[in-house]
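Taking it in order: structure first as structure tokens, then the write-up.
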Amino acid sequence: MNRKQFMILVVAGVIIGGMGWALFLKRSASWQTGIPGATSRLLGDFPINDVAQVLIRQGTNALHLAKGETLWQVQERSNYPANFSEISELVRKLYDLKPVQSVKVGPSQYGRLELLSPGPGTNTATVVEFKDKGGKALATLWLGKKHTRSAGEDSPFGGGGGGWPDGRYVMVPGGSPAPVWLIADPLSNVEPKPESWLNKDFIKVEKLKSISVTPTNAAQAWSFARETESGDLKLQDRKEGEEPDANKITGLVNVLSYATFNDVLARDAEAEKQHLGEPVGVALETFEGFHYKIKIGSAASGDNHPMTIEVSADFPSERTPGKDEKPEDKEKLDKEFKDKLDKHKEKLSQEKACEKWIYLVSKWTVENLLKDRTYWMVDKKTETKAEENDSSKNPEEEEDISIPGLPPIPADPTSDKDVGSEPQ
């Protein structure tokens, strides 16, 4: 290929690419601007600041999110704190919602778009309803089938796009018949699943000082501790013949430092007995003075383990000045101490609120706390077997370096002669 042919191909590629990009921008602009002149909000100007309840219903499933005295709560989880940021985002998103396309269909086609009247059965709409504190309805929207972009659609190069949801059919009830619209958001997370709307703030065990675990088999109990934050955890009740496995123990330092949970249950004596049975007991202490007492039950279904938490702390409330502390440093050090103390008190308050519930946590979150004592020790059998395999080789034997397909290397005819002997 000469230079002229190459330049022709480059120019052609630029032109084709530019045309494709222009088509893409045109279609994208059409999708985003939607119906000419349709600038009003789909739900009108309802009083967004008066929203105190959000109801989501689909089939026989229902979710009630309600604003309490200080926090939003999930009623289906015994008023557990809800994720306010997600609720706020949903309210704001639907308040600003505008249609991108009017869908010309009659009531006979509502089932195809999953916009049938809410209730048991298939092809029914997902209903989102906003209410004020007194229960007065402020706005209602029915969510239907998700619009899926087909492979290659709106792509300047075509193909390879795959199908994915990029919008949703919706209806504002009240018309006769109610009009159907298409919006440019699939609203995939709007589902009546209580566990998805929980506030997932949880305990965070930082700067671990010691950890003790008591399994149902007390003989398998174990305990580790360290003297400094940078030190290594040491086995506290080491028995004769035991050798802790340092590689395994290293991971214990960060246990429950990034803990989370999947769901919650209301906690009382009967619920603990039912869900925890004979739990594993865990005690943790941190260098900041926090103490955690945890009980972990067996996984009833799937990988979720029921877990309860009790938190306490014994950090100092006043700072002891240094012996040679300068007056000009006192104010700075006092402020640093107070800021740190305030953070500790806030952390304690937040984590003590976790004591009211039974948490369902994933297996990987607590798996290190469910290990038996023997797990943390060096496996002598494996170690002995490895040593035997190494010792099975005779170090005096010469290594066979023959290559398949080639004759062996002949022995040195002079190798048996004395070094000092003269040739005959």
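Counting neighbouring Cβ atoms within 10 Å and putting the fewest first, the residues 70, 60 line up as 70, 60. Estimated at 0.36 nm per residue, the fully extended path between residue 136 and residue 227 surpasses their Cα-Cα distance by 26.8 nm. Once the Cα-Cα distance is subtracted from the 0.36 nm per residue extended length, the residue 338 to residue 266 segment shows a gain of 22.4 nm. On the basis of the beta-carbon distance and an R0 of 30 Å, residue 273 and residue 60 show a calculated FRET efficiency of 0.50. With neighbour counts taken as other beta-carbon atoms within 10 Å, the residues 249, 183 rank, fewest first, as 249, 183. As a rough footprinting exposure proxy, the listed residues 207, 98 were ranked by other beta carbons within 10 Å of their own, and the order from fewest upward is 207, 98.
Over 29 Å between C-alpha atoms is what I'm after, so list which of 209/356; 193/356; 93/340; 104/133; 248/335 land there. Over 29 Å apart, Cα to Cα: 93/340; 104/133; 248/335.
Across the cross-link table entries 293/345; 239/380; 273/371; 204/234, which are compared at the Cα atoms, the separations over 20 Å belong to 273/371; 204/234.
Where the centre of each part is set by its Cα atoms, how far does region 229-262 sit from region 315-341, in angstrom? So the two Cα centres are separated by 33 Å.
Throughout, read-outs are computed from the coordinates displayed, never taken from laboratory work. The structure displayed is predicted, hence computed values, not measured ones. Note: ideal-geometry Cβ built from the backbone for every residue, glycine included; neighbour counts use all protein chains shown.
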